[in-house]
There are 2 protein chains.
Amino acid sequence: MSPSRIVLMLVASAAAFAATAACADEQEDIDYRQHIMNTLGEQMAAIQQIVQRKAPADNLATHVQIVAVTAATAKAAFKSEVPGGRAKPDVWANWPDFSKRLDELVAATAAVAKSAKEGGVQGTAAKLETLKCKGCHDVYREEKK
Amino acid sequence: MSPSRIVLMLVASAAAFAATAACADEQEDIDYRQHIMNTLGEQMAAIQQIVQRKAPADNLATHVQIVAVTAATAKAAFKSEVPGGRAKPDVWANWPDFSKRLDELVAATAAVAKSAKEGGVQGTAAKLETLKCKGCHDVYREEKK
């Protein structure tokens, strides 16, 4: 085999390796943000059960606090522009809006967490209505296939 | 139809209704604790990614804090004796041990959360090793079917 052919093969292998590595990294980015969004989903579902009196009320304030703290981790998770999973490319095309909405989610959940600590289910149910995941999901999340 | 037959039918319907309601309640109990255990799983997976340098380190302390706070909600979720989901009946047969292990999880995660806040990934990775979900799952959780 000629030296130039060997060099060509090495270059091709290196390129293939780089491509695989990039894809693996991108999947990690997608997995990471999904861990965060799934956490929000699980906690919101637990809160929903408590509001409907289908789960013990003692944990309400803690669940809302978990939502607030988790929401604060989401921005870093979406920072790298890696479409995939259920994130629409608009997340990055409209980053100022998406990012502002995440900030608002953090502020809103923190406020509800405070009220849940003081007011229990009765005093919190109406405020929980302000935490609508749907508003953002309608714009930035793909429908489930 | 004789009055006694009508009464019998009413009693039978009431019993069937009560059974359905009980089952629905039991499913709510199972769902509720699964929301909590899934949250722990999602957050531990995020932490794992950070330790393996596959996700941004900024959120590490927050994720560990979420695990600690979530762990503290688990005991109330397992209180009603409702086998099902992946919980083995041993959860309730050995409640003092199961409950003690949950307390230990809360204490251990709170300690690691403190260290993550101060020491970052470097100072926390070894301590994270102490948070083994497997020890408890091997005893109290059914294998996935």
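At-a-glance table
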read-out: Number of positions in the stretch B:52-68 that are open to solvent by 30 Å² or more (accessible area, probe 1.4 Å), aliphatic (A, V, I, L, M) and modelled with pLDDT of 95 or more; value: 0
read-out: Hits in the stretch A:86-116 (condition: under 24 Å from B:THR70 (Cβ atoms), more than 14 Å from chain B (Cβ to nearest Cβ) and of a type in the set (Gly, Ala, Ser)); value: A:ALA107, A:ALA108, A:ALA111, A:SER115
read-out: Residues of the stretch A:103-136 classified as of a type in the set (S, T, N, Q) and open to solvent by less than 30 Å² (accessible area, probe 1.4 Å), total; value: 3
read-out: Total residues in the stretch A:116-145, condition of a type in the set (S, T, N, Q) and modelled with pLDDT of 85 or more; value: 2
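The values are calculated or read from the model by the stated rules, or taken from the named source; none is laboratory data. Predicted model only: the values in this text are computed from it and were never measured. Here the Cβ is made from the backbone with ideal geometry for all residues, glycine too, and neighbour counts use every protein chain on show. The area values use the complete protein model at the heavy-atom level, side chains included, leaving out ligands, DNA and RNA. Shrake-Rupley method; radii C 1.70, N 1.55, O 1.52, S 1.80 Å.
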